[in-house]
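Below: one structure, written as structure tokens.
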Amino acid sequence: MSPATLEKASEKVVSAPKVRRTKLLINGEWVDSRSGKTFATYNPATEEKIADVAEGDAADIDLAAKAARKAFESGPWSKMDARDRGRLLNKLADLAETHLEELAGLETLDNGKPIADSRAADLPLAIDCLRYYAGWADKLVGETVPIRGNYFCYTKREPVGVAGQIIPWNFPLLMVAWKWAPALAAGCTIVMKPAEQTPLSCLRFAELALEAGIPPGVINVVPGYGPTAGAALVKHPDVDKIAFTGEHRTAQIIMADAAQTLKRLTFELGGKSPNIIFADCDLDAAVAGTEFGLFFNQGQCCCAGSRVFVEQSIHEKFVEKLIARAKQRKVGNPFDPSTTQGPQVDKAQFDKILSYIGKGNEAGAKCVTGGKRIGDKGFFIEPTVFDRVTDDMPIATDEIFGPVMSVLPFKDFDEVVTRANKTIFGLAAAVWTRDVGKAHRIAKSVRAGTVWVNCYDVFDAAAPFGGFKMSGIGRELGAAALNNYTELKTVTMSLD
Ligand code: NAI
Ligand code: MG
């Protein structure tokens, strides 16, 4: 889609697409769950039911894992050339592009994110990710190793096997792309459990994967709940690896559940990322980047810049400008292309966020804008900024995952570094300054997987992403993600 057509399409309110797929995908067939159970998925903007979706549990996971195992070991996938796997990934990317409007609409319907974001961020990033890993499929090479003695020794990289993938609801389709693309490029097969809040785009995407020619059993999708379907996937002996994105407490349960079968684990978890604003920054750029860094996607980002450290000398001016920008955000119907903030994903998240706003007020932080629900239908919350937040307040320590920003004034470099690192998390950080040396010193000092300098939320399929500390294990994206889906094999041959 060209920028011109995007602009034209952005003039009128979009209508929601038809929901085509609500069943489980196992071995290339759309099936009901063994139990016959379904669960409802809701439109968070209206609180109305969108559709009933087949609810998978342990019995369905078992069938899916066996299908994936078979496709991996004896099916067409095991015999396919790496370059042809790459071609299929490119084909899926092309189909996603052809169906961009439909997929973007499904994402907005199920998750509540503004259609402008689904179109300009989620879909293009997902498509780019597929194409990036399509290029990797035939480039996973080993090494020849000079060992002692008369031997020829080499390493090769082989697919890890069946990958179990469990994803959250904040970027439903983008998370599918981050998980499927490197796994398929490496030659793995997949059992995916999408989030119970947002199963629809994943199911439609799986249909497109079949249309692209990805053989039956290579991708299996089992919607359902975490403690049932998710836990069964983690424990299944036919599954070699679990890739999980979500809350760190869930990751702790998964790690314990995975012990019995010693599964390979990669985790991409939450954060409480520091966004550090020095007095010598480009103030307007820093304010705009700070707004985006927290409020993008209704604040439902693992890397949200939720602790905004502002140098004392510019603190007042900064907060004033920030309030003005927060007030300009257009909260409302996510299908209106001019909307910049939609509803929170569900009642549980909505309640959690409002309870943290209450905790901020109780702790004595100053709510300088927002702080309330909008309307009485749909999970809309005002863009909220708390000023004069201190490090020990719950709004400064806990991941809120909503449109709630904490501003914390600071005096000097050493102090802000210490405070920025005073967290169990280490996913991302940002710094705003015109002093190159200072920027690099911050990049060196903060314990985080990603550091943005004079920008925020810049993602690219080629740039590794993941967390230090309790923000995760392993990296997604880039060449790094291929390590998650491959085993290294060493072959030694006698030359005598
Ligand atoms: P969650 O971690 O419980 O859910 C994420 C996925 O894990 C879902 O597919 C869920 O069904 C599955 N799951 C849950 N329990 C499981 C279990 N025992 N075994 C296997 N899979 C399981 O996150 P939830 O409840 O949706 O959100 C709670 C909080 O987590 C949010 O308020 C936010 O702070 C954080 N979060 C962080 C995300 C991130 O991108 N880092 C994404 C979503 C939530
Ligand atoms: Mg949960």
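Observations on the structure shown:
- Test: residue 227 is part of a helix (DSSP H, G or I), more than 16 Å from residue 25 (Cβ to Cβ) and more than 15 Å from ligand 2 (Cβ to nearest atom): no
- Filtered residue count, the range 239-292, keeping only those that are small (Gly, Ala, Ser), in a helix (DSSP H, G or I), more than 16 Å from ligand 2 (Cβ to nearest atom) and closer than 25 Å to residue 307 by Cα: 4
- The range 319-333 - residue that is part of a helix (DSSP H, G or I) and touching a residue at least 40 places away in the same chain (Cβ under 8 Å) and, of those, farthest from residue 389 (Cα to Cα): 327
- Answer residue from the range 467-491, given it is part of a strand (DSSP E or B) and not hydrophobic (A, V, I, L, M, F, W, C) and is surrounded by the most Cβ atoms within 10 Å (Cβ to Cβ) among those: 472
- Qualifying position, being under 22 Å from residue 416 (Cα atoms) and at pLDDT 95 or above, among 330, 321: 321
- The range 233-250 - residue that is under 18 Å from the mean Cα position of the chain (by Cα) and crowded, with 24+ Cβ neighbours inside 10 Å and, of those, farthest from ligand 1 (Cβ to nearest atom): 243
- Look at the range 243-260: where a residue is more than 19 Å from residue 484 (Cβ to Cβ) and a partner is in a loop (DSSP other than H, G, I, E, B), sitting 6+ places away or on another chain with Cβ atoms under 7 Å, you get 247/269; 247/270.
- Residue check, residue 323 among the β-branched types (Val, Ile, Thr) and more than 29 Å from residue 448 (Cα to Cα): no
- The set of residues in the range 109-163 that are of a type in the set (Lys, Arg) and assigned to a strand (DSSP E or B) comprises 156, 157.
- Condition check for residue 336 on (1) under 24 Å from residue 119 (Cβ atoms); (2) part of a helix (DSSP H, G or I): one failure, at (2).
- Within the range 202-227, residues that are on the phi > 0 side of the Ramachandran plot have Cβ atoms under 6 Å from residues that are of a type in the set (D, E, K, R) and surrounded by 19 or more Cβ atoms within 10 Å (Cβ to Cβ) in these pairs: 224/55; 224/57, counting only partners at least 6 apart in sequence or on another chain.
Residues checked against (1) surrounded by fewer than 19 Cβ atoms within 10 Å (Cβ to Cβ); (2) of a type in the set (D, E, K, R); (3) more than 12 Å from ligand 1 (Cβ to nearest atom):
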{"site": "202", "(1), (2), (3)": "no, no, no"}
{"site": "209", "(1), (2), (3)": "no, no, yes"}
{"site": "225", "(1), (2), (3)": "yes, no, no"}
{"site": "231", "(1), (2), (3)": "no, no, no"}
{"site": "252", "(1), (2), (3)": "yes, no, no"}
{"site": "259", "(1), (2), (3)": "yes, no, yes"}
{"site": "272", "(1), (2), (3)": "no, yes, no"}
{"site": "297", "(1), (2), (3)": "no, no, no"}
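- Scoring residue 22 on the criteria (1) among the β-branched types (Val, Ile, Thr); (2) modelled with pLDDT of 95 or more; (3) not in a loop (DSSP other than H, G, I, E, B) leaves a single failure, condition (3).
- Selection status of residue 431, surrounded by fewer than 22 Cβ atoms within 10 Å (Cβ to Cβ), part of a strand (DSSP E or B) and modelled with pLDDT of 95 or more: no
- Hits in the range 69-98 (condition: in a helix (DSSP H, G or I), among the aliphatic types (A, V, I, L, M) and farther than 14 Å from residue 132 by Cβ): 71, 82, 88, 95
- Members of the range 392-420 found to be closer than 23 Å to residue 298 by Cα and either touching a Cys at 6+ places or on another chain (Cβ under 6 Å) or not in a helix (DSSP H, G or I) (or both), listed by number: 393, 398, 399, 400, 401, 402, 403, 404, 405, 406, 407, 408
The values are calculated or read from the model by the stated rules, or taken from the named source; none is laboratory data. Since this is a predicted model, take the numbers as computed values, not measurements. Cβ coordinates were reconstructed from backbone atoms using ideal geometry, including for glycine residues, and neighbour counts include every protein chain displayed.
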